[in-house]
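Nothing in this text is a laboratory measurement; each read-out follows from the coordinates by a stated rule. Since the model is a prediction, treat every value here as computed from it, not as a measurement. Virtual Cβ from ideal backbone geometry, glycine too; neighbours counted across all protein chains shown.
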Amino acid sequence: MPRTRGGFKTRRRRKRLLKKARGYYGARSRLYTVANEAVEHALQYAYRDRRTKKREFRSLWIVRINAAVRESGMTYSRFIAGIKKAGVELDRKSLADIAYNDPGAFGKIIATAKKAVSA
């Protein structure tokens, strides 16, 4: 009995995977088995790093806020405590954006936090 060759469905599945592997170096973009492994790893890294990205951005925002707050002679933790006490409901993302793009407005927020901490 002759063996069956890869038909339409097999070819379609392999072409789909090789399309995902386009741009990879050498055999990773040309040979199905190697490309399959490379794509699997790439998808795992993408899944993991979508979560890591959120962590990294949060730490970037904290660094930016801390740098802006320290120019006014205050620490990050006291600033956060102050705005919480004052009832300012801005998240770290927007605070970092204000600190970076509008230092004048951020100065007012710092003043509010200082007032709340001292009271």
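In this structure, residue 118 does not satisfy being within 18 Å of the chain's Cα centre (by Cα), surrounded by fewer than 17 Cβ atoms within 10 Å (Cβ to Cβ) and of a type outside the set (Lys, Arg). Close Cβ contacts (under 6 Å, 6 or more residues apart or on different chains) running from residues in the stretch 50-76 that are in contact (Cβ under 8 Å) with a residue 24 or more places away in the chain and under 13 Å from residue 109 (Cα atoms) to residues that are crowded, with 17+ Cβ neighbours inside 10 Å and of a type in the set (Gly, Ala, Ser) comprise 65/96; 65/99; 68/99. Could you say whether any residue in the stretch 38-58 is small (Gly, Ala, Ser), within 25 Å of the chain's Cα centre (by Cα), surrounded by fewer than 13 Cβ atoms within 10 Å (Cβ to Cβ) and within 30 Å of residue 27 (Cα to Cα)? Checked against the condition, which is being small (Gly, Ala, Ser), within 25 Å of the chain's Cα centre (by Cα), surrounded by fewer than 13 Cβ atoms within 10 Å (Cβ to Cβ) and within 30 Å of residue 27 (Cα to Cα), the stretch 38-58 yields at least one hit. Could you go through the stretch 80-88 and let me know if any residue there is more than 18 Å from residue 114 (Cα to Cα) and surrounded by fewer than 10 Cβ atoms within 10 Å (Cβ to Cβ). Scanning the stretch 80-88, I find no residue that is more than 18 Å from residue 114 (Cα to Cα) and surrounded by fewer than 10 Cβ atoms within 10 Å (Cβ to Cβ), so the answer is no. Close contacts from the stretch 88-116, counting a first residue that is touching a residue at least 12 places away in the same chain (Cβ under 8 Å) and basic (Lys, Arg) and a second that is in a helix (DSSP H, G or I) and crowded, with 18+ Cβ neighbours inside 10 Å, with Cβ to Cβ under 7 Å and a gap of 6+ residues or different chains, come to 92/61; 92/65; 93/61; 114/82.
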